[in-house]
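What follows is calculated from the coordinates using simple rules that are stated; it is not laboratory data. Computed from a prediction, not measured in an experiment: that's the story for all the values here. In this analysis, Cβ positions are derived from the backbone assuming ideal geometry, glycine residues included, and neighbour counts consider all displayed protein chains.
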Amino acid sequence: MSEKKRPVVGIMTGQFNVDNSIRFLKFLAAALEGTDVDIRFYFGGVSTVVLEKYSMDDIGFGCHHFSLYSYSNYDAPDLMVVIFGSINVGQKQPMVVSEFMKYLPRVPVILLKEELDLPDNPGSITINIDNYGGMKDCVLHLIKEHGARRIGYISGARGHKDSVLRQQAYRDALEENGIAYDESYVVYGDYQSHVDGIVEELFDRHSDFDAIVSANDEMATAVYRVAKARGIEPGKDLAVTGFDDIAIAAYMEPPLTTVLQDYYLIAVKTAEKIKEYLAGRKIESELVPVKFVVRASCGCTYNPDSRKDETKYPGEQELLMNNWMSVTQSQMRSLVSPLTLRNLQMSTFNELSFFEKLAEQLMHLNTRSSMVCLLEEPITMKDGEMLKAPEKLKLHMRQWGDKYEFYDRENAPDVYYGDLGKYLRRSDGAPIHMTNFILFHGRTQYGLLSVEINLDDAMFYETLSLEIGSALYSLYVSLKQQSLQSMLEEKNQILDYAATHDELTGMLNRTGVMSGIVDFIHAEKLSEDSPFLIFMADLDHLKQINDTFGHHEGDEAIKTAAEAIKRALPEGSPFGRTGGDEFAGIMKSTGDLDVVELRQKIREFCDSYNEGSGKDYYVDISLGCCKIYAGALPGMLKEAMNQADKKLYEAKKSRRESVLRSAPGTPL
């Protein structure tokens, strides 16, 4: 094992796009500014509960979620900060902390928001908040200041430590004031905003609430939505409270009464403990107080002008501005991930070319440094399984500034536990803060992407890691196909089919379409003045579907579009998928109205599908056509397709602005 130049601290939390995680990690990084310590960030994946809501429970997030943290063994941290509660949030198969820790390095842990001993990690401490006291203050305020007696409660997940303490505080506050605890007044969520269903259930049980208390602010946003949909005004007809005081709480309508979980103070204290430990001093556990924040949602008078005085932490306004700028930058770079995937897909014929192209892409993104370390062989995961990081990984690519190295499997260096740091480079010698993402596709796990970035860029690189995982899948498939081709030449027919057909839809691909059009024209044996229609079609707003519901739903929409076009065409008319959301084909022209009829048939199919799909989005297709005569084919085929593409572009100008069924601007 190589000698480390400076201490390494591993920081593990749940999904990064949760507001509290963003704030805490940025505060912690700022509090450690100037400290001579390397940091390794490990962020969990998307909530599997949310993915299941959109029928995406089979695309791999759940079975890879916990494995990422086990890769910390290659960093050999001196100390770990673990926010275990957030790691379990939204997961259908949560882990027990004692089992989880078995997969991690045996070093001291600062365990946040937990009250547990870690005997296998001597020297560990906890930093917790007063969950019980904060929630009790909230419920007592509703009872004593507003006379509330019928108080509903939205709890977090059963068994979650925060959930248990906050729910007990709710129950004790009721009973101490002569109000019997009634389990029918309680529902259980997952600490995320997508809990409208259980809020509906709570309202269906009881229609006479004085107040509803939410175990966190995210779920309180669902209370606002459901209540307003039923004609109930929060703050007037119904008192609503939350817990956490997320960034938007003061700007909700009405502003949300909540409990301030002081993430700045937690971050500062965590940074202090890190510095003390690395200085050789003993560190002790600590309980951080919370603060009840009264606004208008509970029925109290609230002055909106006071928002400007609600800056809770040093640099909070700057943090909010940076978050906005980060979102804006992500929107500006929204094409980068798919373009990166496209470039990588073009290099899947050769390992060296693939990793060289990947290094170039990361360099052009101005990534300070990056590495890709892969398992010796991909592993197929099972739900709820946590991969124990194997003895070694293979370093296939590393990039620093405008320099990079890349290797195929035969020549890739071995990376053992504790060795990852020796491959990092930074010319100025400053501490290196690496963010780690697991690389996977479906249920197949490939390894680890480590990038040196600002935390503002984490969501973008998380998306990029998914694209890299998909490209790795294509690489392995391509390499396997090449192996089969060399071994089984007699299977050329199968390989020819794969070369001319789209894997997702089963239709022709670009090569197959062009060949099919030429074959179709020759097979008809018509006179030179026989008319044909060349058409180009496009699934509307595929990116919006992918960004909102995930690539699994985007794939389903593409397949639906393919079926719509197939049914609208005369039998035997060749067409196929020529790109991500693009289709092209040819049909015999039957008259001046054939373009209108083709467009109408496609529209009728989409309308029928949208009416009964139950999806949260519409499937719409734009169409452009160009008439051409047999005598001009195939020589003028390319020009005809260009003309059809121009008409497609014009048609897209009249498409609907959004394919989402929900109205824009809905509170999160």
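Numbers for the structure displayed
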read-out: Estimated inter-spin distance, VAL596 and LYS653, nm [label 7 Å along Cα→Cβ]; value: 2.2
read-out: Length-normalised contact order of the range 553-662 in % [C-alpha pairs under 8 Å, at least 6 apart]; value: 23
read-out: Residues whose placed amide H lies under 5 Å from that of SER214, excluding near-sequence neighbours; value: ILE154, THR241, GLY242
read-out: Inter-label distance for GLU201 and SER662, nm, one decimal - labels placed 7 Å from Cα along Cα-to-Cβ; value: 1.9
read-out: Relative exposure of LYS269, LYS102, judged by other C-beta atoms within 10 Å (fewest first); value: LYS102, LYS269
read-out: Amide hydrogen neighbours beyond the local backbone of ARG295, cut-off 5 Å, H modeled; value: THR257, THR258
read-out: For peptides 106-116, 564-574, 534-544, sequence by mean Cβ density within 10 Å, most packed first; value: 534-544, 106-116, 564-574
read-out: Within the range 579-663, trypsin sites (Lys or Arg not before Pro) in DSSP loop having at most 15 other beta-carbon neighbours inside 10 Å; value: LYS653, ARG655, ARG656, ARG661
read-out: Peptides 414-422, 25-33, 435-443, 447-455 ordered by average Cβ neighbours within 10 Å, highest first; value: 435-443, 447-455, 25-33, 414-422
read-out: ³J(HN,Hα) computed for each position of the range 79-84 - Karplus, 6.51 cos²θ - 1.76 cosθ + 1.60, integer Hz, glycine/proline x; value: 7, 10, 10, 10, 9, 5
read-out: Placed amide H near ILE453: partners under 5 Å, 5+ positions off or other chain; value: THR435
read-out: Listed values (1) 1.29; (2) 1.09; (3) 1.35, entry calculated as Cα Rg over 2.2 N^0.38 Å; value: (2)
read-out: Euclidean distance between Cα centres, the range 574-626 to the range 377-437, Å; value: 46
read-out: Potential lengthening between SER353 and CYS300 on full extension [0.36 nm per residue; Cα-Cα distance subtracted]; value: 12.7 nm
read-out: The chain, relative contact order [Cα under 8 Å, separation at least 6], %; value: 13
read-out: 0 to 90° range, to nearest 10: angle between helix 458-487 axis and the chain longest Cα axis; value: 40
read-out: Dipole magnitude of the range 528-668 about its Cα centre (Cβ charges: Lys, Arg +1; Asp, Glu -1), debye to nearest 20; value: 140
